[in-house]
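Presented below is the structure to which this report refers.
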Amino acid sequence: MFRKEGIPFFTIIMPFLSILFIAFFATSYYLKLSDINFEADLKEYKEIYLSKSNDRRTLNTLIEKKKELHIKRQEEFKNFMSVLTKVVLFFMVLFSLLMISIINDVVKKYKKQVQTNEDKLQRLNDTLSYKVQQGIEEAKRKDKAILQQSRLARMGTMLSMIAHQWRQPLTQLSVILMELETATRFKKVTEEHILNSIEKSDKMIEFMSNTIDDFRNFYKPDKKKENFYAYDSCQKAISLINATLDNSGIFLNVDVKNDRQIYGYPTEYSQVILNLISNARDILVERDIQNPQIDLIIDSKNYHSIVTIKDNAGGIKEENFDLIFDPYYSTKDSSKGTGLGLYISKLIIETNMHGELSVYNDENGAVFKISLRG
């Protein structure tokens, strides 16, 4: 009733009704006003005529003629207003039809745009699930790649440390065998000498075997959180890298001010300590620092365990601070690092253990700080 093809019918019929009302009102008002004026003029005419003549019969005849003329004029006016109204209505109808056509075109165009947008949204919704799944799979592939490269990097670090750990016992084994060979050549070998050499060799071999076990257990992932002391985890890391530091002539200073228990993954924590010390060792060797030193400080503050590892290699460049924990970012040569060590370390401390790993420079070099709630 109120809509026609999506257009409000009220907006179309209202101008017609307005025109009809105005025309009717104007015609009625004009006719009424004309009658009033005619009556007044007729009365005045009677008075003037009677003042000059008493011929009422002629007067009545004249009055009848004037009335007929007045009625004729009114009919002409009515016909004029009727024709005028019809003409105006005709043009209004044409105008309305034109407006309906224009509005319909606009509405159709709008509907088409809306439908097009709805189709786009529908297509987007149809492919959104696939795109999300594709993004998840891509993220998983990247995570797997990062973890794989991290494992390879750890393996390279482990082999390097094992080599340093084995260098001294291998040298001792070589000396024992040379002594035994010399004694045999000069016919001075005794049973006691042989047994002593075997005993010393067994100790060296046992030490080397234990080294393999230590590294293998060190990189086993923790299955559950537990309470542990920061110093104990630091010692595990130090025992693995100590020979490497000695071989590089680097002094490691351990200062335990206040140790407290931490709730988390002790093995992963040790891996972070090992990685930070290893990075400090690499930069000290790379920059060929005189009297190289690494300080490991264990302290606590406000229920937090704080472990600080700093070196005297001169610090990190200002432009590298925002990137240093990003994956694949490294200031080392590509043959010496993958750029994953600090990324994995931050992941362990902040994501796995809900702590904080930060870095800044002091007057001597870089300072890495691990803060965990006890």
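Descriptive notes on the structure:
- Length added when fully stretched, Q133-K120, from 0.36 nm per residue minus Cα-Cα: 2.7 nm
- In nm, spacing of pseudo-spin labels at N253 and K203 (7 Å Cα→C-beta vector): 3.3
- Per-bin percent of Cα-Cα distances, the stretch 228-374 [5 Å]: 2, 10, 20, 24, 22, 15, 6, 1, 0
- A protection proxy built from the mean count of other Cβ atoms within 10 Å ranks the segments 307-315, 134-142, 259-267, most packed first, as 307-315, 259-267, 134-142.
- Note on K86 and K112: with the Förster distance fixed at 45 Å, the Cβ-Cβ geometry gives a FRET efficiency of about 0.70.
- Accessible area of D362 (1.4 Å probe, protein heavy atoms only, ligands and nucleic acids ignored): about 40 Å².
- Accessible surface ranking that places the most exposed of F21, F325 first, with a 1.4 angstrom probe: F21, F325
- If you plug the beta carbon distance of Y231 and M178 into 1/(1 + (r/R0)^6) with R0 = 30 Å, you get a FRET efficiency near 0.15.
- Environment charge at G365 (Cβ cut-off 11 Å; Lys +1, Arg +1, Asp -1, Glu -1): -2
- Links that overshoot a 21 Å alpha carbon limit, given the list K144/K346; K43/K66; K224/K310; K65/K86; K301/K369; K66/K86: K224/K310; K65/K86; K66/K86
- Mean Cβ count within 10 Å, highest first, over the residues of peptides 232-244, 282-294: 232-244, 282-294
- Measuring between their Cα centroids, the stretch 64-81 and the stretch 338-374 lie 107 Å from each other.
- Cα extents for the stretch 65-119 along the principal axes, largest to smallest and rounded to whole angstrom: 79, 11, 5.
- Per-residue SASA remark: F251, around 110 Å² accessible (1.4 Å probe; ligands, DNA and RNA not included).
- E64, E191, E363, reordered so the largest accessible area comes first (probe 1.4 Å): E363, E191, E64
The values are calculated or read from the model by the stated rules, or taken from the named source; none is laboratory data. Please read all numbers here as calculations on a predicted model, not as lab measurements. Methodologically, a virtual Cβ is constructed for each residue, glycine included, from the backbone with ideal geometry; neighbour enumeration extends over all protein chains shown. Please note that ligands, DNA and RNA were not included when accessible areas were found on the heavy atoms of the full protein model with its side chains. Shrake-Rupley method; radii C 1.70, N 1.55, O 1.52, S 1.80 Å.
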